[in-house]
Amino acid sequence: MDLQHWLGRATHAIQDWADTFGAYQPHPSLQVDDDRFAAAFEEFTGRLKDNYPFFHPHYAGQMLKPPHPAAVVGYLAAMLINPNNHALDGGPATAAMEREAVAQLAAMFGYDTHLGHLTTSGTIANLEALFVARELHPGRGVAHSADAHYTHGRMCHVLDMTSHPVRTDSRGRMDLDALEDLLCTGAVGTVVLTTGTTGLGAVDPVHEVLPLAERYGVRIHVDAAYGGFFTLLAGADGPEALSPEPWRAVAQADSIVVDPHKHGLQPYGCGAVLFRDPEVGRFYLHDSPYTYFTSAELHLGEISLECSRAGASAAALWLTFQLLPPTRDGLGQVLAAGRRAALKWAEMIEASELLELYQQPQLDIVTYFPAVDPATLTGIDAASARILADGMANPDPVFLSTLKAGREAFAARHPKITADADGARILRSVLMKPESEHHVEHLHDRIERLAKTG
Ligand SMILES: *Cc1c(COP(=O)(O)O)cnc(C)c1O
């Protein structure tokens with residue numbers, strides 16, 4: 001699809017609709033003349049160049065990429081109306097789109113009942129899930145893996161709940177013995193499992209925690225903000241297949257968070273929270289001094305802690321899902337390519353004399369470090385930092401990110417490396433663009449050459 005063409009069509013479609021309400025004069029206070037706009041626009045587009053090329057396959061750093069053109073057109077068209085999905089009257093069309101897109105997300109995870117809505121971010125979505133967890137288990141805390149997103153510790157603080165980090169195993173997954181020791185104390189009411197940690201893409205063993213949760217009477221919240229859409233590859237054919245057990249078990253979780261603005265091709269401002277039991281809507285009840293005229297069912301604003309939210313976000317997600325639905329043949333193909341890229345690159349790194357694999361990728365995140373002699377954490381840290389900086393400075397640039405790996409985590413994976421520091425920065429590449437599949441040779445080659453010139 002041609003973005004310029006459809007952006008033009010979008011403005012026309014909305015204008016045609018607007019014209020049906022009759023002509024009127026815009027107020028002079030809002031008038032901007034074209035010459036002044038041109039000058040501001042010139043400066044604006046100049047300033048936007050101060051960015052990293054997230055779209056380019058040689059950007060292999062953080063979890064960043066532009067949205068799909070369908071999402072851009074959907075967002076822009078709806079934004080011209082600017083509906084507010086806080087209430088049905090704020091925009092009936094985008095409220096309906098939100099319900100439909102959320103139902104598609106719930107179906108993707110195998111929920112047969114759900115209550116859910118979009119949020120501004122994974123952070124707010126997790127806050128809502130933990131808020132409901134607190135209401136259901138007052139006085140009890142939250143367990144999450146030590147590698148879980150820092151938002152859990154932070155939101156527990158906001159909610160005045162105690163958070164209990166649980167140690168991880170040598171692949172970055174929650175250690176079940178440590179979890180059970182904690183559950184025995186009765187201090188925990190909710191276990192947060194991460195299916196795809198932000199750093200390593202590690203998938204906690206949801207299927208193995210479910211029986212523990214039942215035994216100890218705790219809730220399960222799955223933070224799939226990053227990894228959620230990988231459920232589409234669970235039990236697939238081909239090298240990109242993921243072992244299905246943890247993903248199938250997600251359908252039994254009490255709540256799930258997923259970020260369409262990470263792997264769902266959306267612009268920022270699109271997270272989602274889903275609850276398996278629709279009855280939890282009662283915890284959101286509030287008296288609004290504003291009256292709405294369509295109140296037969298719960299407004300999205302009545303099941304959300306946030307008030308105003310962009311209807312345009314729902315529009316963008318809905319339109320994207322019409323073309324690339326959250327199914328194995330739809331969005332699944334996009335994730336599969338990134339996953340194959342990660343596996344292919346991991347193989348090349350393992351065969352390399354100059355680079356070492358930190359751990360086998362579980363999703364599409366590759367972690368690695370330069371081989372240094374002598375093999376010490378301080379040496380690895382310095383060499384990783386140098387490659388990160390030199391990579392961006394070169395005429396044929398590559399963009400990577402670093403991840404701080406702690407001393408114990410390093411020792412669990414690479415016991416022969418001398419632990420002369422608390423930890424070391426290693427290199428990390430999130431291969432979330434399907435184009436990466438055809439660029440890992442280039443990336444590998446560039447980084448090997450950077451490692452050699454150390
Ligand atoms: C990104 C992420 C979050 C936070 O989500 P935001 O959308 O950045 O607010 C929480 N948990 C995990 C696992 C994440 O990857």
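Bear in mind these aren't lab numbers, they're just calculated from the coordinates by the rules spelled out. The structure presented is a predicted model; accordingly, all values stated were derived computationally and were not measured. FYI the Cβ positions are ideal-geometry reconstructions off the backbone, even for glycines, and counts take in every protein chain you see.
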Next item on the list: Report the charge-dipole magnitude of the range 77-323 in Debye, nearest 20, computed about the Cα centre from +1 at each Lys and Arg Cβ and -1 at each Asp and Glu Cβ.
Entry: 300
Margin query: Along the charge dipole of the range 331-452, pointing to its positive end and built from +1/-1 on Cβ of Lys, Arg, Asp and Glu, which listed residue (V334, L400, I426) has its Cα farthest out?
Written below: V334
Note to self: Sorting check: for 300-310, 394-404, which peptide has the highest mean count of neighbouring beta carbons within 10 Å, and how do the rest follow?
What the structure shows: 300-310, 394-404
Next item on the list: Would you calculate, for the chain, the mean residue ellipticity at 222 nm contributed by helices, counting each DSSP H stretch of 4 or more residues as -39,500 (n - 2.57) and dividing by all residues, to the nearest 500?
Entry: -12500 deg cm²/dmol
Checklist line | Set of lysines with alpha-carbon distance to K262 below 30 Å, sequence-local pairs under 8 removed | finding: K49, K65, K344, K404, K433
Item checked: Dipole-positive endmost among I349, F410, A87 within the chain (Cβ charges, Cα centre) -> F410
Margin query: Could you sort the peptides 409-418, 220-229 by per-residue average Cβ neighbour count (10 Å cutoff), highest mean leading?
Written below: 220-229, 409-418
Notebook entry, point to check: Restricting to the chain, what percent of DSSP beta bridges are antiparallel, rounded to 5?
Noted result: 55
Next item on the list: Could you tell me the distance between the Cα centroids of the range 310-377 and the range 92-164, to the nearest Å?
Entry: 24
Check: For the range 93-243, what size does the Cα cloud have along each of its three principal axes, sorted from largest down, in whole Å?
Finding: 46, 38, 28
Notebook entry, point to check: How would you rank V372, V142, V258, going from fewest to most other Cβ atoms within 10 Å of each one's own Cβ?
Noted result: V372, V142, V258
Check: How about the range 1-108: which chymotrypsin sites (Phe, Trp or Tyr not before Pro) there lie in a loop by DSSP and see at most 16 other Cβ atoms within 10 Å?
Finding: F21, Y24, F54, F55
Notebook entry, point to check: Given the C-alpha centroids of the range 389-407 and the range 198-222, what is the distance between them in whole angstrom?
Noted result: 33
Next item on the list: Any chance you could get the radius of gyration and Dmax over the Cα atoms of the range 322-418, in Å?
Entry: 16.3, 54
Next item on the list: Restricting things to alpha carbons, tell me how big the chain is in terms of Rg and Dmax, in Å.
Entry: 23.7, 77
Check: Say each of K404 and L30 gets a label point 7 Å from the Cα, pointing the same way as Cα to Cβ; how far apart are those two points in nm?
Finding: 4.8
Note to self: Name the residue from T198, A70, A382 whose Cα lies farthest towards the positive end of the charge dipole of the chain, charges +1 on Cβ of Lys and Arg and -1 on Cβ of Asp and Glu.
What the structure shows: A382
Next item on the list: Taking the Cα centre of the range 62-170 as origin, sum charge times position over the Cβ atoms of Lys and Arg (+1) and Asp and Glu (-1), and report the length of that vector in debye to the nearest 20.
Entry: 240
Notebook entry, point to check: What dipole magnitude, in Debye to the nearest 20, does the chain give about its Cα centre under +1 on Lys/Arg Cβ and -1 on Asp/Glu Cβ?
Noted result: 480
Check: Which value results for Rg/Rh of the range 381-454 when Rg is the Cα radius of gyration and Rh the Kirkwood radius based on the inverse mean 1/r?
Finding: 1.02
Check: Counting Lys +1, Arg +1, Asp -1, Glu -1, what net charge surrounds A234 among other residues with beta carbon under 11 Å of its beta carbon?
Finding: 0
Next item on the list: Could you compute the FRET efficiency for L176 and H12, with r as their C-beta to C-beta distance and R0 at 56 Å, rounded to 0.05?
Entry: 0.45
